[in-house]
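Some notes on the structure that comes next.
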Amino acid sequence: MKRLLFVSLCLSATAAVAAPPVLLETPVTYAPDASVVEQVRNECHIEDMLTRHVGDVLRKLNKGGDGTVASQAGSSDARILRLQITHVMGVGGGAWSGPKATTVSADLLEGEKVVRHARINRWSVGGVWGGFKGTCSILDRTTVFIAKDLYRWVRDPSYEIREEDPPKEASAPTAQTEPQKVE
């Protein structure tokens, strides 16, 4: 019995070590029909935020290495994570202009075949000190949350990313009242 247990542990450890690494394809791109304010796109560089945060979690998952691979480089033994930014909700003015959101489309590829797909949308109002943060730093928070989601999603095939509801600050009022006359 002990021998059987030992052999099964060795085989499972070998299978875990033998799992191919997952690398983020860079550069992260915008979908052709991506909805984003041009000024936010130019100033915040959300694609760089995603590359940094997702690359970091994949480096941790792979237990070393770079975590990224250039889109033109072939990596036959690795699985590739391809991200496209599909929507960015945010304008200048930081937290004072309302919540911010980033939406990405994620494809996990083995060779040229897409084995998994997810759409991830994460919101933020800036956290405790949100009123003192700018739009780019609040959007950076959304990319951190996306990276954490992708870490679990890549590591666990049964994990499903759930759509996140917008914060209460972003929802429309439920009852409309007539404006009061100010004298």
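Remarks
- Test: residue in the range 106-117 that is aliphatic (A, V, I, L, M), surrounded by 14 or more Cβ atoms within 10 Å (Cβ to Cβ), closer than 18 Å to Ala34 by Cα and at pLDDT 85 or above: yes
- Candidate set from the range 52-64 (those that are under 14 Å from Arg79 (Cα atoms) and not basic (Lys, Arg)); member that is surrounded by the most Cβ atoms within 10 Å (Cβ to Cβ): Leu58
- The single condition among (1) of a type outside the set (Asp, Glu); (2) at pLDDT 95 or above; (3) crowded, with 21+ Cβ neighbours inside 10 Å that Gln84 does not meet is (3).
The values are calculated or read from the model by the stated rules, or taken from the named source; none is laboratory data. Predicted model only: the values in this text are computed from it and were never measured. Reconstructed Cβ throughout: ideal geometry from the backbone, glycine too, with neighbour counts over all protein chains shown.
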